[in-house]
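This report concerns only the one structure given below.
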Amino acid sequence: MPANLTTSIVIAATPERVWTVVSDLGRMGEWSPQTRKVIVRGGEVKQGTTTVNINRQGWKVWPTQSEVVDFEPNRRIAFKVRENHSVWSFDLEPTGDGGTRVTQTRDVTHGTTAVSKMLVEKMLGGEPSFEANLLTGMKQTLVRIKDEAEQTA
């Protein structure tokens with residue numbers, strides 16, 4: 001079974017400022033090394049918003065679709081990927097000194113789909129390698145979000 005993945009970073013910006021970055025899903029391609037483009041359907045990001053995502057690993061490119069399943073301004077945004085049932089989230093917590101701890105999680109507690117498992121195994125290097133790449137990418141994503149939030153804070 002795939003593993004849940006999580007990583008955190010402290011950002012020297014308020015939760016409100018960080019929220020403007022992490023909740024702008026249309027810019028996720030700027031932050032994530034695997035997600036190349038996100039098309040937000042219907043305009044404003046909120047509970048129930050759907051997206052089309054273009055993902056890439058090397059020469060391999062694949063689309064996914066997701067839906068925002070949790071939306072608490074300045075606290076949490078989570079979206080579920082239709083194709084593999086993973087739930088990706090960003091949780092924001094004030095640090096008490098004007099900063100924000102951001103935790104990014106990939107939750108696969110309920111497993112993934114058979115198609116996803118097969119594609120990870122046959123096309124994306126197998127589960128251990130794929131998950132190691134995801135975790136590295138999650139850390140890069142948070143560093144890029146930190147840079148953006150702190151530059152404009």
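Read the figures in this text as sums done on the coordinates, not as results from a lab. Small disclaimer: the values here were computed from a predicted structure and weren't measured. All Cβ positions, even for glycine, are placed from backbone atoms using ideal geometry, and neighbour counts span all protein chains on display.
Things to note:
- Two-site FRET efficiency, Val115 against Val10, from Cβ-Cβ distance with R₀ of 35 Å, rounded to 0.05: 0.40
- Within the chain, helix-based [θ] at 222 nm, where runs of 4 or more DSSP H residues each add -39,500 (n - 2.57), nearest 500: -9500 deg cm²/dmol
- Of the three principal axes defined by the Cα atoms of segment 5-151, the extents in descending order read 46, 31, 28 Å.
- Selected from Val108, Val38, Gln151, residue furthest toward positive end of dipole (the chain; charges at beta carbon): Val38
- Between Met123 and Val69, the contour length at 0.36 nm per residue exceeds the Cα-Cα span by 16.6 nm.
- Nearby aspartates and glutamates by direct alpha-carbon distance to Lys80 (threshold 12 angstrom, same-chain neighbours under 8 apart not counted): Glu67, Asp70, Asp107
- Subtracting the Cα-Cα distance of Arg41 and Asn133 from 0.36 nm times their residue separation leaves 30.3 nm of extension gain.
- Sequence-distant residues sharing a close amide H with Lys37 (under 5 Å, placed H): Ile54
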